[in-house]
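*Asks:* Can you read through this structure? Questions will come right after.
The values are calculated or read from the model by the stated rules, or taken from the named source; none is laboratory data. For clarity, every value in this text was computed on a predicted model and none was experimentally measured. Neighbour counts are summed over all protein chains in view; Cβ atoms, including those assigned to glycine, are modelled from backbone coordinates with ideal geometry. For the accessible areas, the whole protein counts, side chains as well, though only heavy atoms, and no ligand, DNA or RNA atoms are used. Shrake-Rupley method; radii C 1.70, N 1.55, O 1.52, S 1.80 Å.
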Amino acid sequence: MTEHRYINIFDTTLRDGEQAPGATLNRAEKLEIARQLAKLGVDIIEAGFPIASPDDFAAVKAIALEVKGPRVAGLARAMQKDIQAAWDAVKVAEKPRIHTFISTSAVHMKYQIKKTPEEVLAGTRAMVSLARELTSTHAGADVEFSAMDASRSEPEFLARVLGVAVECGATTINVPDTVGYALPHEFGEFIRELYRLCPSLHDVTVSVHCHNDLGLATANSLAAVRAGATQVECAVNGIGERAGNASLEEVVMAIRTRGESFACETGVQTTEIARTSRLVSSLTGYQIQRNKAIVGRNAFAHESGIHQAGVLSEATTFEIMKPADVGLTDNDIVLGKHSGRHALRVKLAELGYQLSDADLDDAFKRFKEVADKKKQVTVLDLEALVSEEIRERLDHFSLKSFVNQSGSSIIPTSQVEVEARGELKKGRSFSNGSVESVFAAIDNAVGMSGSLADYQVRAISAGKDSLAEVRVTVIVNERSFNGQAVSFDVMEASAKAYVRAVNNAAAAGEV
Ligand code: KIV
Ligand code: ZN
């Protein structure tokens, strides 16, 4: 039997993923996702870009301190202040990484960073050496170097830059397809060519980081793996800049399902994929398209009678993976109206949530409200409730109450009470529609003016007694912020989702 190469999964959901428009995450949310990524078994968590803001720095440091298992990376431009900030944030981890990058394509060097090729070479030498020097004080630490826009760089020049990075101490060399321009056959050949031009790449981990502008991020990543790369950078649900990053679940399940073609394996616990995907979706407010591979609602649904009959007699007729392989078990009932606080704590711990006593009290109160109305509470309901508890921990605003009057012959009017760190603010408004009037009343209470770019409602589970989930995208000062919330009442879920987006705007200094 051929020995399988180990492919490191470098998760960038919390860095590149969070760069997706509107996908702001607060520190508590980032920590929760990082804990789940550790459970998922990724090898490296890119926790953020520490120089970007004090919040970013604090979140990376908190993850480095608390999350055990995966290596924790902080991103840094090839600049002294960035590298120092990245190190200060990650050095408390068991296995910290400084990930530094500089552009190497002609177009980026000329117009984006305004440096000559010689300056890029010198910058790589100086900044990788600095990162190496800082990390040399920590036995578990290492350095990754990325050549931004590598796939559009001139191969001989790129190979020289990568050679310098290896010589100065980088032990992972990343080759990004930053603008998603590559084609799979070309990208695989490009990686082989780099190994030929820069033999020292054989002594380090070669990584790829592919964007999805042409829908090829997964295909390009897999082509690179076949060409020798042993690290793939990817994000849960494929979120990220523009069309996003290679999707973690697609890369991992392709390697697992088509093992014979790759002779590779990853350390990902695939049964945690569905849960991780739901957590990232609800905390970022990014809905997963129904037909998304692996984690979309329809990924394992068989509509045609012929397919259904086939799957019933032999699953492999139309299924190349089992739903259970990615953690999609039946939406099983876990607790009921008579379940106590202890049973809730045990179930939440099984799902990976560690709540403080105060948070558990809040979660229990909400659980009782749901159980009274719904009788049977499922994993999906619990996840939805706990996600709200997590994010509310650091929120500035919370919805205290709302009243909405509407009907076919009256103008919809709304009144809301929003608490802002202990201070009660009241707002009222009337508008053409009920939802619009609630949102305008919230604007009135918090003293801002947001415009609604997107509004979606869906049921969390089957049945008329399902919790409703609302997602909004709100534009504040030309920046977009997502919000998501659940409730039995669609208007309440709408109001909470809007307040959630307002909180994200406030965290970004826009309210
Ligand atoms: O897309 C890209 O090139 C990046 C780098 C910072 C790795 O995100
Ligand atoms: Zn990127």
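*Asks:* Give all pairs with beta carbons closer than 6 Å in which a residue from segment 179-190 that is farther than 13 Å from LEU214 by Cβ meets a residue that is open to solvent by 40 Å² or more (accessible area, probe 1.4 Å); count only pairs at least 6 apart in sequence or on separate chains.
*Replies:* If the second residue must be open to solvent by 40 Å² or more (accessible area, probe 1.4 Å), the pairs left are GLY188/ARG226.
*Asks:* For segment 172-201, name all the residues that are within 16 Å of ligand 1 (Cβ to nearest atom) and open to solvent by 50 Å² or more (accessible area, probe 1.4 Å).
*Replies:* Residue satisfying the conditions is TYR181 alone.
*Asks:* Identify the single condition in (1) of a type in the set (Lys, Arg); (2) more than 29 Å from GLU241 (Cβ to Cβ); (3) modelled with pLDDT of 95 or more that LYS322 does not satisfy, given that it satisfies every other one.
*Replies:* Evaluating LYS322 over (1) of a type in the set (Lys, Arg); (2) more than 29 Å from GLU241 (Cβ to Cβ); (3) modelled with pLDDT of 95 or more leaves (3) as the failure.
*Asks:* Same structure again: Answer yes or no: is there a residue in segment 14-25 that is over 30 Å from ARG471 (Cβ atoms) and surrounded by fewer than 19 Cβ atoms within 10 Å (Cβ to Cβ).
*Replies:* The initial filter retains those residues of segment 14-25 that are over 30 Å from ARG471 (Cβ atoms), namely none.
There is no residue in segment 14-25 that is over 30 Å from ARG471 (Cβ atoms) and surrounded by fewer than 19 Cβ atoms within 10 Å (Cβ to Cβ).
*Asks:* Same structure again: Would you be able to say whether some residue in segment 33-56 is farther than 28 Å from SER356 by Cα, charged (D, E, K, R), modelled with pLDDT of 95 or more and buried (at least 21 other Cβ atoms within 10 Å of the Cβ)?
*Replies:* Within segment 33-56, none of the residues are farther than 28 Å from SER356 by Cα, charged (D, E, K, R), modelled with pLDDT of 95 or more and buried (at least 21 other Cβ atoms within 10 Å of the Cβ).
*Asks:* Still on this structure, I have one more. Is it the case that segment 416-428 has a residue that's farther than 15 Å from GLU492 by Cα, open to solvent by less than 30 Å² (accessible area, probe 1.4 Å) and at pLDDT 95 or above?
*Replies:* yes
*Asks:* Going through SER437, SER449, SER480 one at a time, which residue ends up being of a type in the set (Gly, Ala, Ser) and assigned to a loop (DSSP other than H, G, I, E, B)?
*Replies:* Within the list SER437, SER449, SER480, the selection yields SER449.
Conditions (1) within 23 Å of GLU156 (Cα to Cα); (2) assigned to a helix (DSSP H, G or I); (3) within 16 Å of ligand 2 (Cβ to nearest atom); (4) among the aromatic types (Phe, Trp, Tyr), marked per residue:
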site: PHE190; (1), (2), (3), (4): yes, yes, no, yes
site: SER200; (1), (2), (3), (4): yes, yes, no, no
site: ALA219; (1), (2), (3), (4): no, yes, no, no
site: LEU222; (1), (2), (3), (4): no, yes, no, no
site: ILE255; (1), (2), (3), (4): no, yes, no, no
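*Asks:* Moving on to the next point. Which one is nearest to ligand 1 (Cβ to nearest atom) among residues in segment 133-158 that are assigned to a helix (DSSP H, G or I) and surrounded by 21 or more Cβ atoms within 10 Å (Cβ to Cβ)? Steps first, answer last, please.
*Replies:* Of all residues in segment 133-158, those assigned to a helix (DSSP H, G or I) come to 133-135, 150-152, 155-158.
So of that shortlist, the ones also surrounded by 21 or more Cβ atoms within 10 Å (Cβ to Cβ) come out as 135, 150-151, 158.
Details: THR135: 18, ALA150: 8, SER151: 9, LEU158: 13 Å.
The extreme case among them is ALA150.
Every residue, every condition in (1) over 30 Å from VAL474 (Cβ atoms); (2) of a type in the set (Phe, Trp, Tyr); (3) in contact (Cβ under 8 Å) with a residue 24 or more places away in the chain, yes or no:
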residue	(1), (2), (3)
THR205	yes, no, yes
ASP213	no, no, yes
ALA219	yes, no, yes
ARG256	yes, no, yes
TYR286	no, yes, yes
PHE300	yes, yes, yes
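*Asks:* I need the full set of residues from segment 230-253 which are without any contact (Cβ under 8 Å) to a residue 60 or more places away in the chain and either assigned to a loop (DSSP other than H, G, I, E, B) or small (Gly, Ala, Ser) (or both), in order please.
*Replies:* Selection gives GLY238, ALA246, SER247.
*Asks:* Are there any pairs with C-beta distances below 6 angstrom linking a residue in segment 87-110 that is more than 13 Å from ASN174 (Cβ to Cβ) and free of Cβ contacts under 8 Å to residues at least 24 places away in the same chain to a residue that is open to solvent by 40 Å² or more (accessible area, probe 1.4 Å) and not in a helix (DSSP H, G or I), with the two at least 6 apart or on different chains, and if so which?
*Replies:* Hits for this filter: MET109/LYS115.
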